[in-house]
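Okay, so here's the structure we're looking at.
The values are calculated or read from the model by the stated rules, or taken from the named source; none is laboratory data. All values derive from a computational prediction rather than experimental measurement. Cβ placement follows ideal geometry from the backbone for every residue including glycine, while neighbour counts extend to all protein chains displayed.
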Amino acid sequence: MMDRTDDLAPLARLLSGHAGRLAERHRALWALDQRFAQIARTTSDAAIGQMRLAWWLGVVMDEAGVKGQGEPVVDWLRAIGALAAPGIPAMLDGWEVLVVESEIDLTGLRDYAAGRGGGLFQALADVADAPDWLIAAGKVWALWDLSAHSGDEALADAAIGLARDLLPQVGDPAWPRAWKPLRIAYLLARHDVERGQRAPVGLTRNMAWRLMRIALVGR
């Protein structure tokens, strides 16, 4: 069975390490998110980008399980039964915002956050009916992450501002033990969002320290 951990971003790798027996599933879903990110990053023509995302949607919706064979992440997800994870279609919708919109307004940011972030957290949690607070946590995380990778400073600041507005929707819930990686990801984001700070680029020493602290003491 395939396990492309070498291709994962360091943060995704560390978060997946806290998923216990579900670690491989988490790694595969993070790898899928990175595939979508690559499409958004490398596509200059919106129509071509939409076609690339539509290909992925066709793969995800293919009940026969034949589309996309040979694509490494597709084969990996199919092998572990995670290609039908709830939330993946929403992730595609979220990433499409970045592919299609030349200028992203507040509505676009909300759609991106709900799709990419809410969908990713739902897929990782593997729940068809995710609680609203979990989706909100995913939105906060996605906006925080966008702030690190956007070359548009105004967009990055708007993402952090929207994320801060969404914090009350998350509140202080009781996270199930199986969702520990999601709790860590959210609390990493919340630390910066509360301070109006953008996410750092890459896994900094400070972020690694905070991740370890959250994992050990819960905050």
### Enumeration of residues in segment 125-181 that are more than 15 Å from the chain's Cα centre (by Cα) and aromatic (Phe, Trp, Tyr)
Trp133, Trp175
### Task
Can you tell me which residue within segment 184-219, out of those that are in contact (Cβ under 8 Å) with a residue 24 or more places away in the chain, among the β-branched types (Val, Ile, Thr) and assigned to a helix (DSSP H, G or I), is surrounded by the most Cβ atoms within 10 Å (Cβ to Cβ)?
Val193
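Quick one: is His26 in contact with a Pro (Cβ under 7 Å, 6 or more places away or on another chain), outside any loop (DSSP other than H, G, I, E, B) and farther than 21 Å from Ile104 by Cα?
Criteria met by His26.
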### Message
For segment 181-192, check the following and say yes or no: at least one residue is among the basic types (Lys, Arg), under 22 Å from Leu22 (Cβ atoms) and modelled with pLDDT of 95 or more.
### Response
yes
### Message
Of all residues being at pLDDT below 90 and part of a helix (DSSP H, G or I) in segment 2-23, which is nearest to Gln38 (Cα to Cα)? Just the residue, please.
### Response
Asp7
### Residue selected from segment 153-183 under the condition in contact (Cβ under 8 Å) with a residue 12 or more places away in the chain and closer than 24 Å to Thr42 by Cβ, by the criterion surrounded by the most Cβ atoms within 10 Å (Cβ to Cβ)
Ala159
### Query
Within segment 95-152, can you find the residues that are in contact (Cβ under 8 Å) with a residue 24 or more places away in the chain, part of a helix (DSSP H, G or I) and among the β-branched types (Val, Ile, Thr)?
Val99, Val100, Val140
### Query
Within the bounds of segment 93-103, is there any residue that is modelled with pLDDT of 95 or more, farther than 14 Å from Ala123 by Cα, surrounded by fewer than 19 Cβ atoms within 10 Å (Cβ to Cβ) and polar (S, T, N, Q)?
no
